[in-house]
Every structure is written in C-alpha cells, then in structure tokens.
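Student: Just dropping this structure here.
The values are calculated or read from the model by the stated rules, or taken from the named source; none is laboratory data. Just so we're clear, the structure is a prediction, and the values are computed from it rather than from any experiment. No Cβ is skipped: glycine too gets one built from the backbone with ideal geometry, and neighbour counts run over all protein chains shown. Ligands, DNA and RNA are excluded from the accessible area calculation, which covers all protein heavy atoms including side chains. Shrake-Rupley method; radii C 1.70, N 1.55, O 1.52, S 1.80 Å.
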Amino acid sequence: MTGLVFWVLVALATVTSFATAWALGANSNSPPFAPAIGANAVSTMRAAFLIGILAALGALTQGGSISETVGSGLIDGVAFTSLAATTGLLTATAFMAFGIYTGYPVPAAFATTGAMIGVGLSLGGSPAFETYQRIATFWVLVPPVSGGLAYLTAKLLRRDDIPETVAIPVLASVVGGIVANIQLSIIPSPTGAAQESVAGFVSGTVPVLTVAGVDIATVVVTLLFAAVSFQYIRRRTQASVDKGIKTFLVVLGSVVAFSSGGSQVGLATGPLENLYRAELGLPAIGLLALGATGILSGAWMGAPRLLQATSREYAQLGIRRSIAALVPGFVIAQVAIALGIPISFNNIIISGVIGGGLAGGSAGVSRRKIGVTLGFWFITLGMSIVIGFGLYRLFAAVLGT
Amino acid sequence: MHHPRSDRPVLVGVDNLDTVQQLVRTAGDLASLGSGTVRLVTVAVKRSDSPFRVFNDETIVREFADSSHELLDRATTPEDVAVERGVLVARSATKGLLAAVEETDPAALVVGWRAQERRTDAVFGTTVDALVERAPCDLYVERVGHEANGVDSVLLPVAGGPHVETAARAATAIAARNDARVLVFSVETSGDAASFVAEGRDALADVDGPDVPVETAVRESDDVTDALVTEAAAHDVVVLGATRKGALRRNLAGSVPRKFVDRTDRTVILARNGDVVDGPLRGLGRLLRR
C-alpha cells in the first residue's frame with residue numbers, strides 16, 4: 001500500500017474513532033447522574049461536567065482491557081491493518097448512527113464486536129471461538145444478573161424493618177469494597193500486569209499471606225474500604241436521611257460514570273489497537289487518550305440536553321429504584337472491564353430498571369418492546385458481521401490491496 | 001380537500017410549555033369552523049437509549065411522563081371549543097404525531113416551529129420537515145414565540161398552487177374569531193398576480209364559515225420577499241400557503257417563505273394542503289416506514 005493511502009486511512013480511522021467516542025460520551029453517559037439530578041443532589045451542568053471528567057478518567061485508567069479484546073481478541077491469526085481498522089470503525093459507526101437516527105435500539109458493543117469479527121474474517125483471520133463463548137456467556141448473563149441484583153437492592157431498600165440508615169450504608173460498603181478491587185492501569189502492578197487494583201497492589205507489596213487460597217491482604221484492604229464507605233455514608237444518613245441518600249447518589253453516580261467511561265472507550269479505540277501500537281509504535285495510553293478526549297467532549301457537549309430529558313424519568317422512577325438500577329450497573333461494568341468483555345452500558349441499566357420494578361410488584365414492561373429490543377440486538381450483531389465482511393472485501397478490491 | 005362541517009377534531013402537537021397556548025388558540029380558531037373540538041397531543045419520546053423504552057405505553061403514560069401531563073395541563077380552553085388531551089408514546093416526535101394523525105383522522109394538524117432553532121436535533125425543525133412531507137392531512141405550521149396581541153388584520157399572500165384553500169381556511173378562521181379583515185395579496189412578477197388574487201378571493205368565499213371582510217391588493221416589485229416583508233408590517237397575522245411548486249419543504253428550507261419568516265416579527269402560519277401527500281406511492285411509503 002502506498003504511503004499516502006496509509007496515512008489517509010490513519011487520519012480517517014482516527015477521526016472515526018474520535019467521533020465514535022464522542023457519540024458514546026454524549027449518548028451513553030446520562031444514566032449515572034440522572035437520578036442524582038432528579039433528586040436535586042446536583043445541578044445538570046455540574047453533573048455533565050463531572051460525567052465528562054469521570055468518564056474520561058475511567059477511559060484512561062480502565063479502558064485498556066476491553067480495547068485490547070476488541071482490537072486483537074476477536075480474531076486469531078491476523079492483525080488489523082489500517083484499512084481493516086477503518087472499515088470496522090465505519091461499519092460500527094454506521095450502525096450506531098442508524099440507531100440514533102431511527103430511534104431503534106442498536107447497542108454500540110454489539111455493532112463494534114460484530115463489525116470487527118466480520119472485518120477480521122474478511123482479512124483471512126480465524127474466529128476466536130473461545131472468546132466468543134466468553135463474550136456470549138457474559139451477554140446472556142447480563143440481563144438476569146443485572147435484573148436480579150437490582151431486584152435484591154430494591155427489596156432491601158423497600159423493607160420497613162431495615163431503616164435507611166442501615167440499608168444505604170450497607171450498599172455503600174458493597175460499592176466501597178468493589179472500588180478497592182477495580183483494575184486501574186495507573187496503579188503499578190507488583191506482579192507486572194497491565195492493570196492493578198488498590199487491593200491487589202497492597203497484597204502484592206506486603207509479604208504474601210494466604211489462608212485457604214485467599215489472599216489475606218486483599219481481603220483486609222477490601223474490608224477496610226467497605227468499612228470506611230459504610231461509616232461515611234452512615235454518618236451522613238444519621239445526620240439526615242435525605243442528605244445521606246443524596247451523597248450516596250452522587251458518589252454512586254461518580255463511580256458508575258467512571259466505570260461507564262472505562263467500559264465504553266474500548267468500543268471506539270479497540271479497532272485502532274494494532275494500527276496505533278504495532279504499526280505506529282504509539283503507547284497504549286495515547287490511544288486511550290484519544291478516546292477519553294472524545295468521551296469528554298461528547299459528554300460536555302451532548303450530555304446536558306440528555307440529562308435534562310432523562311433526569312425527570314429517574315425522578316419519577318424514585319430514588320430506591322434508581323439506586324437499584326445503578327448498583328448492578330457499576331458491578332457488571334467492573335466485572336466486564338476485569339474480564340475484558342465489550343458491553344453496552346445501556347443494556348445493563350435497562351435490566352436494572354426492570355429488575356427494580358419487579359421488586360415493587362409489577363414492572364409494567366411491554367413484552368412486545370422487549371422482543372423488539374432483543375431482536376434488534378441480534379440483528380445488529382449479525383448484520384454488522386456480514387456488512388463488516390462485505391465492506392472490507394469491497395474496499396480491498398477498490399484499493400487493490 | 002373539501003371540508004364539510006365535520007366531527008373531526010383539529011389536532012395540535014405541542015412540545016413546549018411556553019408555546020402551548022399560542023398553538024391551542026390557532027387550533028381553536030380552526031376548530032370553530034368545524035367540529036369545535038381541539039385535540040391536544042404531546043409525545044412522550046422514549047429514545048433508543050432510554051432504559052424506560054421497554055415499559056408498556058400505559059406505564060410510561062402513567063408513571064414516566066410527568067412533563068407531558070404538565071404541558072397538557074398548561075393549556076387553557078379557548079372559548080366555545082372543547083379540548084381533549086392525550087399523551088402518546090413514540091420513538092420520536094414525528095412518529096408520535098403521524099400515529100396521532102392516523103388514529104384521529106383530524107381536520108387539520110397544527111404544530112409550532114421555532115425559527116431560531118439551530119440545533120439539528122430540536123424537536124421541531126426535523127419534525128416539521130417530516131410532517132410537511134408525510135402528514136396526510138391539512139397542516140399548519142405556526143412560527144411560535146411571535147404571538148399577535150389582538151388581531152385586526154390577516155394577510156393572505158397568494159401565488160397560486162394547491163395550498164391556497166388550506167391557507168384561506170385558516171385566514172377565515174382567525175379573522176372570524178377576532179372580527180378582523182383579510183387582505184388577499186400578491187406580488188406582480190409574471191403578469192399572473194390578478195388571477196392569483198381572484199383565486200384567493202374565491203377560496204375565501206368557499207370556506208364554510210362566517211363571512212369575513214375581504215380586501216385585495218397587488219404590488220409591483222422585483223423582490224417578492226421585500227414586498228411581503230413591507231406589507232406584513234401592516235398586519236397582525238400572515239397565513240402563507242406554499243407556492244405552486246407544491247412541496248412546502250423546499251420553501252421552508254430556502255425560498256420565499258423561509259426568507260420572509262426570518263425578516264418579519266409577525267405571527268406567521270404556513271399552510272400545506274393534505275391532498276399533496278396523497279399519492280400512489282404513499283401507501284407503499286407507509287408500509288416501508290412501519
């Protein structure tokens with residue numbers, strides 16, 4: 001391939017990746033703070049500002065694992081060239097644009113995963129069935145697990161015999177315990193891994209002490225984080241239940257926004273992994289920085305309008321059900337990041353909202369709409385594979401490569 | 001489209017607290033010529049990325065559409081007119097309003113349009129364009145935010161085309177309810193102005209409703225927009241039919257009405273005849289859009 005074509009493709013791929021990150025930042029980051037805005041715990045503009053910063057930080061520090069899966073884990077035997085990366089991104093972006101334009105549910109994670117598989121197969125690579133199996137299992141488990149966690153959370157919050165001064169701090173302690181274990185690329189890993197958690201860092205630096213296969217230091221740090229979170233929110237709720245809940249909503253929104261950035265950026269940057277790192281020799285953080293900037297600007301420019309629209313809905317959903325939807329959102333996003341599995345954040349929240357509703361009796365969901373939604377998820381996945389495959393063939397033929 | 005006194009309501013699509021009343025007033029004027037019923041609808045838009053979209057319509061209308069209900073409650077009922085209210089759930093405002101048209105088979109649809117909106121995702125803008133193209137009933141697009149305070153004179157610019165009747169109907173309705181006069185006006189560019197004015201006058205006479213005082217005027221001018229802007233200053237409301245070319249869309253996008261709207265502070269209502277939407281391909285188009 002001539003040098004000019006290569007650089008044109010690099011530029012095109014970069015712009016497309018940035019645009020995808022922008023769209024992700026603008027469209028998929030409203031749930032974390034919408035409940036807090038609905039409860040008047042934070043203003044819309046401040047929330048949009050925070051979402052941008054937190055999601056970008058999440059993208060920078062947690063985005064690497066999913067980005068790698070998208071960039072190199074889906075296809076064996078070949079590396080994505082500049083043309084392949086551009087084709088994959090354009091295919092995925094076209095699907096997302098179709099979703100935004102028509103109002104049909106087209107999850108970004110499905111579009112990107114499908115497009116990269118299609119392009120990879122078209123390149124002559126072989127399918128990485130093991131990865132597909134892991135991803136498919138995870139995707140299938142998301143609705144029941146997210147819905148189930150939301151159901152349990154909502155049940156806990158609805159119980160009259162458990163006062164909110166206990167229930168909210170308990171949830172805070174769970175969130176705190178998970179925060180101690182989330183994988184961050186900025187924490188140096190004593191064991192040499194790319195990402196490390198606070199708990200893992202401590203357990204790796206202090207003398208190893210395991211009891212029955214469990215790393216004591218990790219457990220201690222996790223419990224410590226949980227205890228501090230519990231105590232902090234407990235004090236706040238005891239002083240005023242209302243204030244305590246608001247504080248928890250903002251903290252929860254922050255960690256969810258952070259997780260959302262970490263789980264979504266890979267969808268925009270993943271296709272460029274090989275191009276940026278192997279062919280251009282740039283560090284991983286450079287690519288993530290591109291995605292993080294896209295998410296940041298998308299959130300700042302697009303989120304306020306969306307937040308205004310959605311915060312009303314969450315306010316009507318009620319604080320308990322909002323919390324019940326966000327807690328699984330955080331947990332599942334972090335598990336996905338730890339396992340490097342591309343996910344659509346919205347899909348988790350949908351299940352959470354339904355699960356929380358079931359705890360109150362009837363969820364009032366429409367079977368037809370759920371059917372349509374599921375149908376579009378499958379269509380998105382299938383069609384993006386086919387179109388990615390065909391489009392790469394076409395481009396390769398036109399460019400004579 | 002012939003309009004016998006019918007029981008078909010005038011449908012109003014609203015999306016903004018500040019402009020509900022203005023649109024309801026116009027719809028009330030139109031309804032007073034016919035059934036006397038205004039049906040006020042607002043669309044609870046659940047976008048593809050909203051987790052709330054999986055709820056059934058009843059649940060959404062009951063639990064997740066507070067702002068829509070607030071909007072509908074804001075409208076006060078105009079004199080001698082019955083107002084029905086309804087919230088619809090749809091993926092977009094366009095889809096919701098088209099569904100409402102299909103369901104109610106209204107005498108006309110009235111929607112608002114904010115000329116200053118720059119954002120492409122504004123509810124009206126893209127929505128109005130789509131409705132102009134697809135809504136199978138008479139359509140009135142009122143520029144909101146510039147509401148006449150008392151109406152003494154209604155300007156009806158004419159230049160032929162299929163939308164004159166539709167425009168004449170709104171001009172009559174507004175004039176009748178406000179004891180105002182209507183001036184049929186045309187700009188002489190190709191020697192047809194006198195016949196356009198006569199046609200406009202006939203259209204006004206054909207409207208099934210109270211008689212209103214009608215005057216006519218023809219101006220000589222090289223610039224249609226200039227002449228319109230100058231004349232409009234002496235009136236309170238301008239009812240503009242689309243030109244002969246048919247599609248109002250083209251005019252909204254660039255030509256005379258669009259330029260005119262930008263240069264006047266009068267209340268402007270654009271009228272589009274529902275018959276232009278009925279075509280051999282419409283049924284097919286509807287099937288494809290489902």
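Student: Can you list the aspartates and glutamates whose alpha carbon is less than 14 Å from that of B:Lys259, not counting same-chain residues fewer than 8 positions off?
Tutor: B:Asp223, B:Asp226
Student: May I ask you to give the percent of accessible area on the range B:153-271 that is carbon plus sulfur, with a probe radius of 1.4 Å? Walk me through the numbers before you get to the answer.
Tutor: Working: 2190 of 4960 Å².
Here carbon and sulfur together make up 44 percent of the probe-accessible area.
Student: By a straight-distance test (C-alpha under 12 Å), which aspartates and glutamates pair with A:Lys243 as possible cross-link partners, with residues fewer than eight away in the same chain excluded?
Tutor: A:Glu164
Student: Could you tell me what percent of the DSSP beta bridges with both partners in the protein assembly as shown are antiparallel, to the nearest 5?
Tutor: The antiparallel proportion sits near 20 percent.
Student: Just tell me which lysines come within less than 25 Å, Cα to Cα, of A:Lys246; anything on the same chain fewer than 8 places away is out.
Tutor: A:Lys155
Student: What average count of beta carbons from other chains do you get within 10 Å of the Cβ of residues in B:55-67?
Tutor: 5
Student: Using just the Cα positions, wrap the protein assembly as shown in a convex hull and report its mean projected area in square nanometres, one decimal place.
Tutor: Numbers: hull surface 141.5 nm².
Computed as one quarter of the Cα hull surface, the answer is 35.4 nm².
Student: Given the -39500 (n - 2.57) contribution per DSSP H run of 4+ residues, what per-residue ellipticity at 222 nm results for the protein assembly as shown, rounded to the nearest 500 deg cm²/dmol?
Tutor: Roughly -20000 deg cm²/dmol at 222 nm, from the helical runs in the protein assembly as shown.
Student: Just the number, please: carbon plus sulfur as a percent of the accessible area of the range A:220-349, 1.4 Å probe, no ligands or DNA/RNA counted.
Tutor: 65
Student: Between A:Leu399 and A:Gln133, how many nm apart are label points set 7 Å from Cα along the C-beta direction?
Tutor: 3.5
Student: Expressed as a whole number of Å, what is the distance separating the alpha-carbon centroids of the range B:170-207 and the range A:229-285?
Tutor: Cα centres, the range A:229-285 to the range B:170-207: 63 Å.
Student: Once both labels are modelled 7 Å past Cα along the beta-carbon direction, what's the A:Tyr101-A:Asp242 spacing in nm?
Tutor: Inter-label distance under the simple model: 4.8 nm.
Student: Another one. Are there any trypsin sites (Lys or Arg not before Pro) in the range B:1-82 that are in a DSSP loop and have at most 16 other Cβ atoms within 10 Å? List them by number.
Tutor: Passing both the DSSP loop test and the Cβ count: B:Arg5.
Student: Next question, about the same structure. Pop a pseudo-label 7 angstrom from the Cα along the beta-carbon direction at both A:Arg367 and B:Asp73 and give the gap in nm to one decimal.
Tutor: If labels sit at A:Arg367 and B:Asp73, their model points lie 3.5 nm apart.
Student: Okay, next question. Using a 1.4 angstrom probe, figure out how much accessible area the protein assembly as shown has per residue, in square angstrom, rounded to the nearest whole.
Tutor: Result: 41 Å² of accessible area for each residue.
Student: Continuing with the same structure: I'd like the interface area for chains A and B: accessible area of each alone minus the complex, both sides summed, 1.4 Å probe, protein heavy atoms only. What is it in Å² to the nearest 100?
Tutor: By this definition, chains A and B bury close to 2300 Å².
Student: Continuing with this model, one more query. Just counting partner chain Cβ atoms within 10 Å, what average do the residues of peptide A:95-103 show around their Cβ?
Tutor: Mean shielding by partner chains, rounded to a whole number: 3.
Student: To continue, here is another question. Quantify how strongly other chains surround peptide A:344-351 by giving the mean number of their Cβ atoms within 10 Å of each of its Cβ atoms. Each step should come with its number before you reach the end.
Tutor: Numbers: counts 1, 1, 5, 1, 1, 4, 6, 2.
For this peptide, the per-residue mean of nearby foreign Cβ atoms is 3.
Student: Measure off, as a whole percent, the carbon and sulfur share of the 1.4 Å-probe accessible area of the range B:10-143, all protein chains present.
Tutor: In the range B:10-143, the share of accessible area belonging to carbon and sulfur is 44 percent.
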